[in-house]
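What follows is a single structure, written as structure tokens, with notes after it.
The values are calculated or read from the model by the stated rules, or taken from the named source; none is laboratory data. This structure is a prediction, so every number in the text was calculated from the model and none was measured. Neighbour counts are summed over all protein chains in view; Cβ atoms, including those assigned to glycine, are modelled from backbone coordinates with ideal geometry. Just the protein is used for accessible areas: all its heavy atoms, side chains included, with ligands, DNA and RNA removed. Shrake-Rupley method; radii C 1.70, N 1.55, O 1.52, S 1.80 Å.
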Amino acid sequence: MDNYVTGAVIKALREKQNMTQEELAQKICVTGKAVSKWETGRGFPDIGLLENLGKALGVSVIELLSGESITNRNKACNMARGNFYVCPVCGNIIHTTGEAVISCCGITLPALEPEILEAENPEAETIEAAEGHAIRIERIEDEYFVSLNHPMTKDHYISFLAALSDQGLQLVKLYPEGPAQARFKIAGVRRIYAFCRLHGLFSVKVR
């Protein structure tokens, strides 16, 4: 793991639950002295206790380790309020419909913040971006053909393209040496995303 649960996190979460050290200790079958040691930095809870500790404190193990308590406020699953996460180690791509704590390869991943692009030429629907990135969207019958004139080398390439609608997400994984392009069914698509391995996530609204 990139970090481990700290005493400050345990104390903050315990107090948020309005529990004493003794009450927490009883819930996870340890002594109050053990909880005191954790909270004062004189010891750490055994990894085997983390699941029960998280339950007692009202958080997941990942939240406990990251020190963040995340509540998904997007109960209606509004797709536009979702987040992308990309693991820098294995390249795993994850999309959520709301706030979450996501971990991959022992790393707690931050939600990607897309650079929102605007069309310079609405007729052609070509969107210019920093670092020479550009997204071109063409309508071909019932599909959008999305392409970028972008390097596709081992170290610098578009990792994925995605199309988001109210009903779901269409995602195409791309690889070095291949074309930076994909086709998506038009049905309800509102936004197109492109993720560059070096420069991050770009997004454009579809007219």
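Remarks
- Given (1) surrounded by 18 or more Cβ atoms within 10 Å (Cβ to Cβ); (2) farther than 22 Å from Lys185 by Cβ; (3) over 17 Å from the mean Cα position of the chain (by Cα); (4) at pLDDT below 90, index of the condition Glu120 fails: (1)
- Checking the stated criteria, Ala162 turns out to be modelled with pLDDT of 75 or more, open to solvent by less than 40 Å² (accessible area, probe 1.4 Å) and not hydroxyl-bearing (Ser, Thr, Tyr).
- When region 49-78 is limited to residues that are at pLDDT below 60 and of a type in the set (A, V, I, L, M), the one that is nearest to Arg191 (Cα to Cα) turns out to be Ala76.
- When Ala180, Ala129 are screened for being more than 30 Å from Val59 (Cα to Cα), surrounded by 15 or more Cβ atoms within 10 Å (Cβ to Cβ) and modelled with pLDDT of 85 or more, only Ala180 passes.
- Hey, Val146 open to solvent by 30 Å² or more (accessible area, probe 1.4 Å), of a type in the set (Val, Ile, Thr) and modelled with pLDDT of 95 or more or not: no
- Taking first residues from region 48-71 that are of a type in the set (Ser, Thr, Tyr) and partners that are surrounded by 15 or more Cβ atoms within 10 Å (Cβ to Cβ) and modelled with pLDDT of 85 or more, the Cβ contacts under 6 Å between residues at least 6 apart in sequence or on separate chains come to Ser60/Gly54; Ser69/Val59.
- Of the strands (runs of 3 or more DSSP E) lying entirely inside region 125-207, those containing at least 3 residues that are closer than 16 Å to His95 by Cα are 158-165, 169-173, 189-196, 200-205.
- Of the listed requirements (1) farther than 20 Å from Val86 by Cα; (2) modelled with pLDDT of 90 or more, Tyr175 misses just one: (1).
- Counting only helices (runs of 4 or more DSSP H) that sit wholly inside region 1-64, those with at least 3 residues that are open to solvent by less than 80 Å² (accessible area, probe 1.4 Å) and closer than 24 Å to Gly106 by Cα are 7-16, 50-57.
- Region 6-25 residues that are closer than 16 Å to Gly58 by Cβ, paired with ones that are among the acidic types (Asp, Glu) and open to solvent by 20 Å² or more (accessible area, probe 1.4 Å) (beta carbon under 6 Å, 6 or more apart): Ile10/Glu39; Lys11/Glu39
- Scanning region 25-42 for residues that are of a type in the set (Gly, Ala, Ser) and on the phi > 0 side of the Ramachandran plot gives a single hit, Gly41.
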